[in-house]
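See below for the structure under consideration.
The values are calculated or read from the model by the stated rules, or taken from the named source; none is laboratory data. Predicted model, so just to flag it, every value in this text is computed and none were measured. Cβ sites come from the backbone with ideal geometry, for glycine too, and all protein chains shown count toward neighbours. Areas reflect the complete protein model, heavy atoms only, side chains present, ligands, DNA and RNA absent. Shrake-Rupley method; radii C 1.70, N 1.55, O 1.52, S 1.80 Å.
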Amino acid sequence: MAEHVTFPDAAAIAISVVNAHPAVTVEAHGRVPNPRPIEFIRIRRFGGPKQNLVMDGAQLTIEGWGKTDEDAHDHVQAARAALYAASGEVVDDVTVGLVEELAGPAELPDPDSDSPRVTMTMVFPCRGT
C-alpha cells in the first residue's frame with residue numbers, strides 16, 4: 001500500500017514569505033482585501049502538478065497593484081525576489097524546493113477598477129509530509 005503524502009497550502013506559505021521579506025513594502029494577501037487598498041500584492045494558486053512523491057509543484061500567480069504602473073511593477077519584483085530567496089529554505093516548518101518562473105511580469109490593468117496591476121506566474125514547490 002502506498003503512503004499518503006499531504007501537501008501544505010503553498011499560497012499561504014508564499015504569502016508568509018513575501019510578507020516577511022524586507023524588500024516588500026506592501027502587504028500580500030490571498031484575496032483582494034475589502035476595503036481594497038490602492039497598493040497590495042495578491043498570491044493565488046492556479047494549479048501545478050505534484051513533482052514527485054514528496055514535492056508539490058504549486059503554480060502561483062503573483063499580482064501587484066500600485067498607484068502607478070511602475071509601483072505595481074516594483075511590488076511584483078519585490079515579491080519575485082522574496083520567493084526566489086525562499087528556495088531551499090524551511091518556512092513555517094515546510095521545506096521550499098527550487099522556485100522557478102513560468103511567466104515574467106506583465107502589465108494587466110485591473111478590469112474592474114482600471115488600476116495599475118502587474119502579474120506573473122511562478123512554480124513554488126513545497127515538501128509534503
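Counting only heavy atoms of protein chains, what accessible area per residue, in Å², does the chain have with a probe of 1.4 Å? Intermediate results must be reported in sequence, preceding the final value.
Details: 6960 Å² over 129 residues.
Value returned for the chain: 54 Å² of accessible area per residue.
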**Report entry** Protein accessible area in the chain, 1.4 Å probe - carbon and sulfur %
**Finding:** 51
Report summary line: In degrees rounded to 10, the 0-90 angle between helix 69-85 Cα long axis and the longest Cα principal axis of the chain is 20
Report task. Could you give the size of the charge dipole of the chain about its Cα centre, using +1 on the Cβ of each K and R and -1 on the Cβ of each D and E, expressed in debye and rounded to the nearest 20? Result -> 300
Report task. Please give the calculated 222 nm ellipticity per residue for the chain, where each DSSP H segment of at least 4 residues contributes -39500 (n - 2.57) and the sum is spread over every residue; nearest 500 deg cm²/dmol? Result -> -7000 deg cm²/dmol
Report summary line: With x for Gly and Pro, the residue-by-residue ³J(HN,Hα) of the range 14-19, computed from phi through the Karplus equation 6.51 cos²θ - 1.76 cosθ + 1.60 at θ = phi - 60° and given in whole Hz, is 4, 4, 4, 4, 5, 5
Query raised in the report: Of LEU60, LEU102, LEU83, which has the largest mean-square fluctuation in a 10 Å C-alpha GNM of the chain?
Result: LEU102
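What is the Cα convex hull volume of the chain when expressed per residue in Å³?
Normalising the Cα hull of the chain by residue number yields 103 Å³.
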**Report entry** Accessible area, probe 1.4 Å, largest first, for residues ARG31, ARG127, ARG45
**Finding:** ARG31, ARG127, ARG45
